[in-house]
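Read the structure below first, then the notes.
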Amino acid sequence: VSLLVIDPGHLTLVQDAGRPGLGVQGVGAAGAFDRTAMRQLHALLGDPPEAAVLEVLAGGLKLRAEADHRLAVTGGIGPVHVDGEHVEHGRAFVARAGQEVLVGPVGLGLRAYVGVAGGLEVDPVLGSRSADTMSGLGPPRVAAGDVLEVGPPAHPAEVEDVPALLTSGVTTVSAIPGPRDDWFTDDAVRAFFSAQWTVSARSDRIGVRLEGPSLERRVTDELPSEPCVRGSVQVVSAGTPVVLGPDHPVTGGYPVIVVVLDDHVDRLAQVRPGETVRFTRQPSP
Amino acid sequence: MKVLPCGDRAVLIDCASLDEAQGWFAALHDEADAVLGARTVLLRGEPSDLRALVDRSEPGDITAAEAGDEIEIPVTYDGPDLADVASHTGLSEDEIVAAHTGTPWTVAFGGFAPGFAYLVGGDERLAVPRRESPRTSVPAGSVGLAGEFSGVYPRSSPGGWQLIGRTDAVMFDVDRDPPALLAPSAQVRFVETRSGQAP
């Protein structure tokens, strides 16, 4: 009961719900970037919330089922084939022992999620199977020849199909000003919310880097290191905000102008370099 | 002290000093998922609940209850930046070692990497700027200085601190509970050895 990796594609990582609550140890939460897509997989396959899945950046993953397995693909959309036969995105399918599963190039969104009923049983580290690309904790990136053990299927599927939550064009997320919006001029905060930001190719799971207007600081002091969260928008230099992703360091030394709503961070996992992001202002709760 | 917004799943307590932040961390870390910064404490959860929690709480006493164990870290003082630190501070290399080992340090906060701790409270003469250009790779166990802080790199990583020595102490081990050797408020005493191993 396992999946053999024939080709990992560009970058494939094992991810799960992460390791929250260890910030004091200097350990970040990590976990799936698009948690919504992972939850969809769990529902399609009857897996519990902690089940581990594959996060496939841009596609190109090829697996061989070593036994009969039920799988599904959610998140970023591209062609999915079992031994050359097309199967549907967002719907569970069966790969018989010896059959090859190809997750082709992702054309809409950026990260495809591949789950298998029973979840992936790689060794957990500090309670999680998530690969943290910043700290190096968790399993290494998936490589050709890896044998990924699969656990016993837990429950019947909760749903038969799930919608693809992706749209082409501008991605809009809501964000709450602060904690350090007052380190920026009023014009800078206004510009942040009115600009169309372009996603940089230098984006990864640590942070989604944005290119756009210069954001002028009112306070130019060095910020004493402070804890940040997934979705914190650090302004590392005048024109470069970075939305922190799942593998962000626990503390940072740059002022955070706004924090993206936690649920909305998932959408940023699916924005491709060169695409556009806008932020809408949400009042502080 | 002010409670600042930090998205829809956290708040940030902003304090005037590290001492005040440590007091709030001591008071609240059993009640909420809390992370300490240099002047701040992050609390995760529903913001309105967290604001109510802060309203009905007082900062704890960090001098008594929270002063942790004293941990000895053996160091071989042969770092590549000893000469630069000497020219910044006006101390001889022997005086740098005496100053670094002579005063106990306190763990302020972590966060740069798993197991990394910013240490404060050492000899004030050791305050030096970061290196002008950071190293792309600092070996694990390197003992450094930057600003008012000292620290030990838990694993090989890029870094801009002035390196004065090295230790074999294991700063982070996922098979240990807790994995990080140094917890907030622990006391650290550096001890000079020739080999970097425990005497």
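Under the classification rounded if a/c is under 1.5, otherwise prolate if a/b is larger than b/c and oblate if not, where does the protein assembly as shown fall, given a ≥ b ≥ c as square roots of the Cα gyration tensor eigenvalues? Judged from the Cα gyration tensor, the protein assembly as shown comes out prolate (a/c at least 1.5, a/b above b/c). Per-residue accessible area (protein heavy atoms, 1.4 Å probe) orders B:His100, A:His155 as A:His155, B:His100, starting from the largest.
By a 1.4 Å probe calculation restricted to protein chains, B:Asp94 has an accessible surface near 120 Å², given to the nearest 10. Across segment B:90-97, rounded Karplus estimates of 3J(HN,Hα) from the backbone phi angles (6.51 cos²θ - 1.76 cosθ + 1.60, θ = phi - 60°) give x, 8, 6, 4, 5, 5, 4, 4 Hz, Gly and Pro being marked x. Each Lys and Arg contributes +1 and each Asp and Glu -1, all at the Cβ; summed about the Cα centre of segment A:156-285, the dipole is approximately 360 debye. Surface analysis of chain B yields an accessible area of 45 Å² per residue, using protein heavy atoms and a 1.4 Å probe.
Across 5 Å bins from the origin, how do the percents of Cα pairs in segment A:219-266 run, short distances first? Taking all Cα pairs of segment A:219-266, the binned fractions are 5, 24, 33, 24, 11, 3, 1 percent. Put simply, the convex hull of the Cα atoms in segment A:117-224 casts, on average, a shadow of 11.8 nm².
From the square roots a ≥ b ≥ c of the eigenvalues of the alpha-carbon gyration tensor of segment B:91-199, which class results: rounded (a/c under 1.5), prolate (a/b over b/c), or oblate? It is rounded, given that a/c, with a ≥ b ≥ c, falls under 1.5. For a quick check of understanding: with a 1.4 angstrom probe and all protein chains in place, what accessible area in square angstrom does A:His10 have, to the nearest ten? Answer for A:His10: close to 120 Å² accessible. Considering only A:Val256, A:Val150, A:Val233, the Gaussian network model of chain A with Cα springs below 10 Å gives its largest mean-square fluctuation to A:Val150.
Close amide H partners of A:Leu110, meaning residues 5 or more places away or on another chain with modelled amide H under 5 Å apart, are A:Gly76.
Only Lys, Arg, Asp and Glu carry charge here, each on its Cβ (+1 for the first two, -1 for the last two); on that basis chain A has a dipole of about 520 debye about its Cα centre.
Scaling the Cα radius of gyration of chain A by the globular reference 2.2 N^0.38 Å produces a ratio of 1.03. Go ahead and run the numbers for FRET between B:Glu124 and A:Val94, Cβ-Cβ distance against an R0 of 41 Å, rounding to 0.05. Given R0 = 41 Å and the Cβ-Cβ separation, E is 0.05.
For peptide B:37-45, compute the average count of partner chain beta-carbon atoms within 10 Å of each residue's beta-carbon.
Counting other chains' Cβ atoms within 10 Å and averaging over B:37-45 gives 5.
With all pairs of separate Cα atoms included, segment A:37-133 yields a Kirkwood hydrodynamic radius of 13.4 Å. Over all orientations, segment B:1-87 has a Cα convex hull whose mean projected area works out to 8.5 square nanometres.
Taken over segment A:180-285, the convex hull of the Cα atoms encloses 94 Å³ per residue.
Ordering A:Arg218, A:Arg64 by accessible surface, largest first, gives A:Arg218, A:Arg64; the 1.4 Å probe counts only protein heavy atoms, with every chain in place.
Once the Cβ-Cβ distance of A:Ser174 and B:Asp55 is raised to the sixth power relative to R0 = 30 Å, the FRET efficiency obtained is 0.70.
Dipole magnitude for the protein assembly as shown: about 1300 debye, using +1 per Lys or Arg Cβ and -1 per Asp or Glu Cβ, origin at the Cα centre. Working from Cα pairs under 8 Å separated by at least six residues, relative contact order for chain B is 22 percent. Amide H contacts of A:Leu61: A:Val103, each under 5 Å away and 5 or more positions distant or on a separate chain (H built 1.01 Å from N in the peptide plane; Pro and chain starts excluded).
Of the two radii for segment A:84-176, the radius of gyration is 0.98 times the Kirkwood radius, both from the alpha carbons; that is the Rg over Rh value. Add +1 for every Lys or Arg and -1 for every Asp or Glu among the other residues with Cβ under 15 Å from the Cβ of A:Gly169, and state the total. Around A:Gly169, the charge tally is +2. With the alpha-carbon atoms of chain B aligned to their principal axes, the span from lowest to highest coordinate is 52, 35, 34 Å, starting with the largest. Here's the picture: charge each Lys and Arg Cβ at +1 and each Asp and Glu Cβ at -1 in the protein assembly as shown, and of B:Phe25, A:Pro48, A:Ala97 the one pushed furthest to the positive end of that dipole is A:Ala97. For A:Gly98, the shell of other residues with beta-carbons less than 11 Å away shows a net charge of -2, using +1 for Lys and Arg and -1 for Asp and Glu. Once backbone amide H atoms are built at 1.01 Å from N, A:Val236 has A:Val242 as its partners under 5 Å, excluding neighbours fewer than 5 places away on the same chain. For segment A:145-156, backbone phi angles converted through the Karplus equation (6.51, -1.76, 1.60; θ = phi - 60°) give residue-by-residue couplings of x, 4, 10, 9, 5, 10, x, x, x, 8, 9, x Hz, Gly and Pro being listed as x.
Electrostatic bookkeeping for A:Glu149 treats Lys and Arg as +1 and Asp and Glu as -1; over the other residues with beta carbon under 12 Å from its beta carbon, the sum is -3. A 1.4 Å probe over all protein chains sorts B:Ser48, A:Ser174 by accessible area into B:Ser48, A:Ser174, starting with the largest. Coupling constants for segment A:203-213 follow from the phi torsions by the Karplus curve (6.51 cos²θ - 1.76 cosθ + 1.60, θ = phi - 60°), and in residue order they are 8, 7, 6, 6, x, 9, 8, 10, 10, x, x Hz; glycine and proline get x. At the residue level, A:Trp183 shows approximately 30 square angstrom of accessible surface with a 1.4 angstrom probe and all protein chains present.
Taking each DSSP H run with n ≥ 4 as -39500 (n - 2.57) and averaging over every residue of the protein assembly as shown yields -4000 deg cm²/dmol at 222 nm. Remark: spin-label model distance B:Glu132-B:Val191 equals 3.9 nm, labels positioned 7 Å along the Cα→Cβ axis.
The values are calculated or read from the model by the stated rules, or taken from the named source; none is laboratory data. Because the structure is a prediction, the values reported are computed rather than measured. Reconstructed Cβ throughout: ideal geometry from the backbone, glycine too, with neighbour counts over all protein chains shown. Only protein heavy atoms, including side chains, enter the accessible area calculation; ligands, DNA and RNA are left aside. Shrake-Rupley method; radii C 1.70, N 1.55, O 1.52, S 1.80 Å.
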